1. Which order do Tyr124, Tyr171 fall in if you start with the one that has the fewest other Cβ atoms within 10 Å?
2. How much length would be gained if the chain were fully extended between Glu139 and Asn166, taking 0.36 nm per residue of separation minus their Cα-Cα distance, in nm to one decimal?
3. Which GluC sites (Glu not before Pro) in region 133-171 sit in a loop by DSSP (not H, G, I, E or B) and have at most 16 other Cβ atoms within 10 Å of their own Cβ?
4. Using the basic label-point model (7 angstrom from Cα toward the beta carbon), what is the Ala33 to Ile111 distance in nanometres?
5. Would you mind ranking Phe158, Phe173 by Cβ crowding within 10 Å, fewest neighbours first?
6. Mind sorting Ser131, Ser161 by how few other Cβ atoms lie within 10 Å of their own Cβ, fewest first?
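Any read-out appearing in this document is the output of simple, stated calculations on the displayed coordinates, not a laboratory observation. Predicted, not measured: the structure shown is a model, and the values here were computed from it. Methodologically, a virtual Cβ is constructed for each residue, glycine included, from the backbone with ideal geometry; neighbour enumeration extends over all protein chains shown.
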Amino acid sequence: MKGKYMLMMNPASYRLDKVSTDYKKIEWSDVSAALGMGSLDEFSYHLGRLIFCDDTTSKKIIITLSIQHLINISKKNNWRTNIKIFTRLSELACFEIVYSTPCKYCHDQPINIAECSNCHGSGYIGLKNCSKYKYASIEKRNWNRRWKKRYEELYKKFLESEQKLNSHIQYHFMT
Ligand SMILES: [Zn+2]
């Protein structure tokens, strides 16, 4: 879990996987304060509180926003709205973003993350396909045929927000 690396976070490059005693330690309360400064959008702000402060209220807000996002995508694509499954996909996305680990092929390596075929440009390795449909309680065939793509569409929003969050935190603690 990313949150537990909080005290080991390197403020110069925002790496959660590397531990060094030379770095200035950042308390989660400092990160909490940093999240409230500047102009972080609502989704990214609460995602930050979920990842770093393990905030259950923020998790509820993220799930609500995420369901709304799925409803919007559905309207655009003429998908049928299914709140029950949308809720499970949103919970899955929260779980995956918190527990994903840095990609060993492009993290701290001189290759372009955007071109990494291992993590598909996200910089992180998430859950396996089978863990996802099991977590969301969706039957395998149904997942592969219909929900996998929709989930990936949703997860893009989480990854984009995480990137915003990373630059926000990096900016805040470097200056
Ligand atoms: Zn990678």
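1. Tyr171, Tyr124
2. Answer, rounded to one decimal: 6.3 nm.
3. Glu139
4. Each label point is offset 7 Å from its Cα along the Cβ direction, giving 4.0 nm.
5. Phe173, Phe158
6. Ser131, Ser161
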